[in-house]
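The values are calculated or read from the model by the stated rules, or taken from the named source; none is laboratory data. Just so you know, these numbers come straight off a predicted model, no measurement behind them. Virtual Cβ from ideal backbone geometry, glycine too; neighbours counted across all protein chains shown. Ligands, DNA and RNA are excluded from the accessible area calculation, which covers all protein heavy atoms including side chains. Shrake-Rupley method; radii C 1.70, N 1.55, O 1.52, S 1.80 Å.
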Amino acid sequence: MKQINLIPPEYAHSRYVHRRITIWIELTVAIGAMVGALGFNLYRSAEGAERQHKRLEARAAAFKQISAQLHAVAAEKKTIIEKLTDIYAIRRKRICSVIFSDIAAACNERVFLTELVIGPQENAPKARVRSRDKNKTAPEPQKEDKTVLKLVGSAMANLDLTRFVSDLAKSAALGEVKLKFWRQDSMGALKLIKFEIECHPHVEANAQP
């Protein structure tokens, strides 16, 4: 039996061409969609990077402003420290002049000073407290170092030394005048009283105008 093809070849060719065109159109649309999505993602990434760049620029400007303010504060602090240093130097000279004037007024022809030292007071070492002794009180907190003035010299007699210490105690620039020690010493035919005196200057009292 012979098979007869009733579909014309032109129609079959037309359908084949139409099918290929449809496939190419779908492929083109898919590629276009992919390219569009990729471009949109790149645009969003670029926009986010630009916003981040603007935020970083604003933060850098803020840090720059803060740095400028800190430099200004540091310069002002340096100026204040220089002024306070000058004021302290003047104040110290004034206090020392008052102290030396009172010491000179207390001295006479029968008292001779050989050494004058001004410095911080040396704290005596404290004994260790055992941890087992629970009934003992806690050690007292260490006090701040005070400025101490040490006078070393000789006097002709005990009465001269007593008068010298008494005159020093009357001074408004000096306080806590203590006779640390005294002993009789010979210098040739002379009998002298060697002594050492410690006192604390009244810094705040002398700082007032």
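I need the full set of residues from the stretch 67-113 which are within 16 Å of residue 153 (Cβ to Cβ) and either exposed (fewer than 11 other Cβ atoms within 10 Å of the Cβ) or in contact with a helix residue (DSSP H, G or I) (Cβ under 8 Å, 6 or more places away or on another chain) (or both), in order please.
Taking the stretch 67-113 first, the residues within 16 Å of residue 153 (Cβ to Cβ) are 99-100, 102-113.
99, 102, 103, 104, 105, 106, 107, 108, 109, 110, 111, 113 - these are the residues of the stretch 67-113 that are within 16 Å of residue 153 (Cβ to Cβ) and either exposed (fewer than 11 other Cβ atoms within 10 Å of the Cβ) or in contact with a helix residue (DSSP H, G or I) (Cβ under 8 Å, 6 or more places away or on another chain) (or both).
Residues that are closer than 28 Å to residue 149 by Cα and of a type outside the set (Val, Ile, Thr): does the stretch 44-54 have at least one?
Filtering the stretch 44-54 down to residues closer than 28 Å to residue 149 by Cα leaves none.
No, every residue in the stretch 44-54 fails to be closer than 28 Å to residue 149 by Cα and of a type outside the set (Val, Ile, Thr).
What are the residues in the stretch 142-160 that are among the small types (Gly, Ala, Ser) and open to solvent by 30 Å² or more (accessible area, probe 1.4 Å), if any?
Kept after step one, since they are among the small types (Gly, Ala, Ser), are these residues of the stretch 142-160: 153-155, 157.
Result: 157, single match.
When you go through (1) without any contact (Cβ under 8 Å) to a residue 24 or more places away in the chain; (2) over 24 Å from residue 162 (Cα atoms) one by one for residue 100, which number turns out not to apply?
Among (1) without any contact (Cβ under 8 Å) to a residue 24 or more places away in the chain; (2) over 24 Å from residue 162 (Cα atoms), residue 100 violates only (2).
Among (1) charged (D, E, K, R); (2) surrounded by 10 or more Cβ atoms within 10 Å (Cβ to Cβ); (3) free of Cβ contacts under 8 Å to residues at least 60 places away in the same chain; (4) closer than 19 Å to residue 200 by Cβ, which single condition is residue 59 missing?
Here residue 59 meets the rest and fails (4).
Just one of (1) closer than 30 Å to residue 186 by Cβ; (2) surrounded by 10 or more Cβ atoms within 10 Å (Cβ to Cβ); (3) at pLDDT below 90; (4) not acidic (Asp, Glu) trips up residue 163, so point out which.
Of everything listed in (1) closer than 30 Å to residue 186 by Cβ; (2) surrounded by 10 or more Cβ atoms within 10 Å (Cβ to Cβ); (3) at pLDDT below 90; (4) not acidic (Asp, Glu), residue 163 misses just condition (3).
Write out, first by first residue and then by second, each pair whose Cβ atoms fall under 6 Å of each other, whose residues are 6+ apart or on separate chains, and whose first residue, in the stretch 181-209, is more than 18 Å from residue 160 (Cβ to Cβ) while the second is part of a strand (DSSP E or B) and modelled with pLDDT under 80.
Final answer for the pair search is 200/175; 201/147; 202/175.
Hey, among the residues in the stretch 166-179 that are in contact (Cβ under 8 Å) with a residue 24 or more places away in the chain and assigned to a strand (DSSP E or B), which one's surrounded by the most Cβ atoms within 10 Å (Cβ to Cβ)?
174
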